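Following: one structure in structure tokens, then a few remarks.
The values are calculated or read from the model by the stated rules, or taken from the named source; none is laboratory data. No experiment lies behind these values; they were computed from the predicted model shown. Don't worry about glycine lacking a Cβ; one is built from the backbone with ideal geometry, like all the others, and counts go over all protein chains shown. The accessibility values were calculated without ligands, DNA or RNA, using every heavy atom of the protein model including side chains. Shrake-Rupley method; radii C 1.70, N 1.55, O 1.52, S 1.80 Å.
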Amino acid sequence: MTGQDLVGQRIKIVRRQRGLSQAQLAHPELSDSYVSLIESGKRTPTPAVLELLAEKLDCSLTYLVNGVTAEQMQEIELALGYARLAMENGEVAEARTRYAELLADDSLAGLPQLRQDAEYGLALATEACGDLEQAIALLDRLHENDTGTMSSERHIAVAVALSRCHRERGDLSQAVRVPERILGEAVRPAWTDGLMRLGSQLLIAYVGRGDLLRARQFSAELLDAAEMLGSPLSRTLAHWGAAIVAVESGLAEEAVTHVERAMAIQSEHGDPRRLARLRGDYAQVMLTVRPMEAEAWRDVLVKVETELSESSANPMDKMRCAMNLARAELLLARPDRAAEHVRTVCDLLDGMPKALQTEARLLFGEALAELGMREPAFREILIGVEFLAQAPATRNTAHLWLTAARVLERIEERDRSVDAYKQALACVGL
């Protein structure tokens, strides 16, 4: 039912409650036939006519337009504000509950924009809670049902979230397909910060599926687009994407150049919460390309951990920071400290994405193996391998199989280690 139909229905309901005929409501300013057309949804009343009808019906204009009273509207906006605040403060489970409660209430039926805000907020909160399958379902439904009423900015934001969720879930074909539908192959739309976000998701998906040639070409396009736009966000995204491509291509110094450029731009122009997350990702990249400086990157991660604990970071951000700290401690030959970090993560894994669970289990197994705890290490690796056996063949899956193979070799499970090496090669088509 359209908004026009709903307005007509409300006028009809209130008119009947007041015991008025259409002619009585119309007289003397309007014709009864015009009122009839409005009530049947065949005419859209002007704002002046709506205000007149609200006065004659002795009801609020807000009710006729939106189906709620002014007091109810205030309550809805307050509830949405509390949900947003919970999300911003990192209380993602609370945000998810608040958004779900709002959507369960029929009061949003006549408020398409606010309902769309609540649905989008629920999808993001659900993603932050680690429930990627449900988040994808919510985003798909939002996109399908609200295509005609959705702003271009929201349409792009939904596509960004969809691509990200598909990638985190391991469905790289969908992670690529969603942004490519919007960005197109033949003629690119005029770049905006929103489209740069979408382009960054597409670039990471290209890297994930091992299409490094296409990734390098597209990365160059994003860098050019960022220079033309000139905004701090677009430049940060372009340089960060270029750093990821360089890392996966084995170009360490090129990666360092891009990642340091992204950090410099973000440090000057970005908000503190985003900067803390980016600094954690920066340390992860540097641990890969400059492992000999692990002590310095560990110190960076300790600061990031403190910043995340004092900010609105979601649980997955905090878990990834703890895992990076564990990696740094392993590089520094301190497996006991690494095990402490990753043990905390493993206690929070229920409901988290399978890829994150797999990564954590393998990392815990690696730390336990370095401590000489063969049996516990073997149990953790088996849990990780069980997840890996169901995962799609991606570049990240290959990295995880390689980690499993090395740990199995370390604990003298040679046959299983050989199988894991074979699985890693199979994931990259060898």
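At a 1.4 Å probe radius, which order do Asp58, Asp336 fall into by accessible area, largest first?
Solvent-accessible surface, decreasing: Asp58, Asp336.
Quick one: helix 252-269 against the long Cα principal axis of the chain, what's the angle to the nearest 10°, folded into 0 to 90?
40 degrees
Taking the 0 to 90 degree range and rounding to the nearest ten, how far is the long axis of helix 112-128 tilted relative to the main principal axis of the chain, both from C-alpha atoms?
Roughly 20 degrees between the two axes.
Round to the nearest 0.05 the FRET efficiency obtained for Ala264 and Asp350 when R0 = 45 Å and r is the Cβ-Cβ distance.
0.70
Straight-line reach from Lys42: which aspartates and glutamates have Cα under 17 Å away, leaving out those fewer than 8 places along the same chain?
Hits, sequence-local ones excluded: Asp5, Asp32.
Could you report the chain's accessible area per residue, 1.4 Å probe, as an integer in Å²?
That works out to 49 Å² per residue.
Taking the dipole about the Cα centre of region 1-153, with the C-beta of Lys and Arg at +1 and of Asp and Glu at -1, give me whichever of Ser151, Ala54, Tyr82 is farthest to the positive side.
Among Ser151, Ala54, Tyr82, the one farthest towards the positive end of the dipole of region 1-153 is Ala54.
With no solvent and one point per C-alpha, what does the Debye sum give as log10 I(q)/I(0) for region 1-114 at q = 0.16, 0.17, 0.20 Å⁻¹?
Values, matching the q order: -0.74, -0.80, -0.98.
To the nearest 10 degrees, how steep is helix 395-410 against the longest Cα principal axis of the chain, on a 0 to 90 scale?
The answer is roughly 40 degrees.
Using a 1.4 angstrom probe on the protein heavy atoms only, line up His399, His143 by accessible area, largest first.
Ranked list, largest accessible area first: His399, His143.
Obtain the nm distance between the two label points defined at Asp224 and Asp32 by a simple spin-label model: each point lies 7 Å from its Cα along the Cα-to-C-beta direction.
7.0 nm
Per 0.36 nm of contour for each residue apart, how much would the distance between Asn89 and Thr44 grow if the chain were fully extended, relative to their Cα-Cα spacing?
Result for the pair: 12.0 nm of gain on full extension.
Name the residues of region 194-211 whose amide N is less than 19 Å from a point 7 angstrom out from the Cα of Gln217 along the C-beta direction?
Hits in region 194-211 for Gln217 at 19 Å: 199-211.
Quick one: in region 276-367, what % of C-alpha pairs are over 16 Å apart?
49 percent
Using semi-axes √(5λ) of the Cα gyration tensor in Å as the read-out, say which of (i) 34, 32, 23; (ii) 52, 23, 20; (iii) 34, 26, 22 was calculated from these coordinates.
Structure-derived value, by its label: (ii).
Based on Cβ point charges of +1 for Lys and Arg and -1 for Asp and Glu, what charge dipole magnitude is obtained for the chain about its Cα centre, in debye rounded to the nearest 20?
680 debye
Provide the FRET efficiency to the nearest 0.05 for the Asp419-Met292 pair, computing r from the beta carbons and using R0 = 30 Å.
0.40
Rank Asp347, Asp317 by accessible area, highest first, at a 1.4 Å probe radius?
Ranked list, largest accessible area first: Asp347, Asp317.
With springs connecting C-alpha atoms under 10 Å apart, model the chain as a Gaussian network and identify which of Arg181, Arg84, Arg197 has the largest mean-square fluctuation.
Checking each option, the largest mean-square fluctuation is seen for Arg181.
How much accessible surface does Met228 have with a 1.4 Å probe, in Å² rounded to 10?
The value for Met228 is about 150 Å².
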